[in-house]
Amino acid sequence: MSLLQPGEHFPALTLSLPDGETLRVPDALAGGFGVVLFYRGSWCPYCNAQLRAFQRSLGKLAELGVKVVAVSVDDEPTTKQTIAEHGLEFPVGHSADPDAFAEATGAFVNDDPRYLQSTGFVLDPEGKVVVSVYSSGAIGRLVPEDVAGLVRYLREHQAA
């Protein structure tokens, strides 16, 4: 498993959403910038803070054409509870296979219990990685203000 580098296509991953729906990334993010967040689980205070921050910034990100998705190894009932507790309006996947996601993206995996460490990707409108942020522990993750600033910068310099 190797880390995803800028310019590489993000691998096709299917996220299981609550109520039996699925979402395929990067296809679901095509045409605009996208953020893919792997979070450790509902028990992680840093992950909850990150999810809430992206929810608070969702309007500003949408104005910039940025879509957000998140996923963890949490089961469906726990994910539904996380969505409800934080009022999340972006898609949140559940029951991710940590080994498969790590193999596809290079994300770090905690051994016991088994979960994905915090990992974040900013994708361009074609599904290519612009930035990848890998954490091997509790801290170190994408924040919405940085994503918004990066997208603004990229748009300004693409037009120039």
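The values are calculated or read from the model by the stated rules, or taken from the named source; none is laboratory data. The structure displayed is predicted, hence computed values, not measured ones. Backbone-built Cβ (ideal geometry, glycine too); neighbour counts: all protein chains shown. All accessible areas refer to the heavy atoms of the entire protein, side chains included, with ligands and DNA or RNA removed. Shrake-Rupley method; radii C 1.70, N 1.55, O 1.52, S 1.80 Å.
Classify region 74-160 as rounded, prolate or oblate, taking a ≥ b ≥ c as the square roots of the eigenvalues of its Cα gyration tensor: rounded when a/c is under 1.5, otherwise prolate if a/b is larger than b/c and oblate if not.
prolate
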Which value, in debye to the nearest 20, gives the size of the charge dipole of region 1-132 about its Cα centre, when Lys and Arg are +1 and Asp and Glu are -1 at the Cβ? 460
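Rounded, prolate or oblate: which one fits region 1-69, using the alpha carbon gyration tensor with axes a ≥ b ≥ c (rounded when a/c is under 1.5, else prolate when a/b beats b/c, else oblate)?
rounded
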Taking amide H atoms as placed 1.01 Å from N in the peptide plane, list the residues 5 or more away in sequence, or in a different chain, whose amide H sits under 5 Å from that of A96. S72, V73, D74
Among P77, P113, P45: highest mean-square fluctuation, GNM of the chain, C-alpha pairs under 10 Å: P113
Residue farthest toward the positive end of the dipole of region 70-160, with Cβ of Lys/Arg at +1 and Asp/Glu at -1: which of G87, T119, G149? G149
To the nearest 20 debye, region 61-133 has a Cα-centred charge dipole, built from +1 on Lys and Arg Cβ and -1 on Asp and Glu Cβ, of 200
If I build a Gaussian network model for the chain, linking alpha-carbon pairs within less than 10 angstrom, which residue out of D124, D75, D19 has the largest mean-square fluctuation? D19
Debye calculation, C-alpha points only, no solvent: report log10 I(q)/I(0) for the chain at q = 0.10, 0.13, 0.16, 0.17 Å⁻¹, in the same order as the q values. -0.31, -0.54, -0.84, -0.96
Tell me the label-point distance for the pair D99, E156, using the 7 Å Cα-to-Cβ offset, in nm and rounded to one decimal. 4.7
Where does the longest stretch of the chain lie that holds no GluC sites (Glu not before Pro) found in a DSSP loop with 12 or fewer other Cβ atoms within 10 Å? 22-125
Once neighbouring chains are kept in place and the probe is 1.4 Å, which whole percent of the accessible area of region 32-94 is contributed by carbon and sulfur? 53
